[in-house]
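Visitor: Sharing a structure, written as structure tokens. Questions coming.
Here, each number is a calculation from the coordinates, and none is a lab measurement. Predicted, not measured: the structure shown is a model, and the values here were computed from it. With ideal geometry, Cβ positions are generated from the backbone for all residues, glycine too; neighbour counts draw on all protein chains shown.
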């Protein structure tokens, strides 16, 4: 590279406050996020909730490609968008196929207390789980919390400060 090109890149980096390549990647992410929002495609593949900010956006592969097939890396039908935290949580867990795991219909999750599939919007998120959702629906979780606050003689103790 010639000296004037080196100086130009240094000036751009100084002006941008970061290396030009980093700034270009951030700009691409902002453009992609804007397009996703315009087409209402800013839904997390893992937790099914809206991705609200470009900083939260992550691109992930639905099927793992590493040590499987390089073609899966480039296959656009194998690409999904998710929250960065949901993608990172999934990456920390090994993919294990459990024989006892129930396959939920699209948009549903198993509530272990109700012992049935319920809509995912009735569950809180739990990024450490394989599907990013809690074991129990919000109603069951709240009921269990109320029961836990009861004293041994059945009298309700004072609720925590956030519920007063």
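Visitor: Which of the peptides 58-67, 3-12 is most tightly packed, and how do the rest follow, going by the mean number of other Cβ atoms within 10 Å of each residue? Kindly include the intermediate steps, with their values, before the conclusion.
Guide: Working: 58-67: 13.6, 3-12: 10.6.
For the peptides 58-67, 3-12, the packing ranking is 58-67, 3-12.
Visitor: Also, I was wondering about something else. Spin-label point model (7 Å from Cα, Cβ direction): what's the residue 55 to residue 31 distance in nm?
Guide: It is 2.3 nm.
Visitor: Calculate how steeply helix 138-149 sits against the longest principal axis of the alpha-carbon atoms of the chain, using the helix alpha-carbon long axis, and give the answer as 0 to 90 degrees to the nearest 10.
Guide: Compared with the principal axis, the helix lies near 60 degrees.
Visitor: Rounded to the nearest 500 deg cm²/dmol, what is the calculated helix-only ellipticity per residue at 222 nm for the chain, with -39500 (n - 2.57) per DSSP H run of length n ≥ 4?
Guide: Helix contribution divided over all residues of the chain: -11000 deg cm²/dmol.
Visitor: Taking Cα atoms, how many degrees apart are the long axis of helix 20-38 and the longest axis of the chain, rounded to 10 and kept between 0 and 90?
Guide: 50 degrees
Visitor: Further question: Would you indicate which of [x] 214; [y] 287; [z] 117 is the value of volume of the Cα convex hull per residue in Å³ derived from the coordinates of this structure?
Guide: Recomputing volume of the Cα convex hull per residue in Å³ here picks out [x].
Visitor: Using the alpha-carbon atoms, what tilt in degrees (0 to 90, nearest 10) does helix 3-16 show relative to the longest principal axis of the chain?
Guide: It is inclined by approximately 30 degrees.
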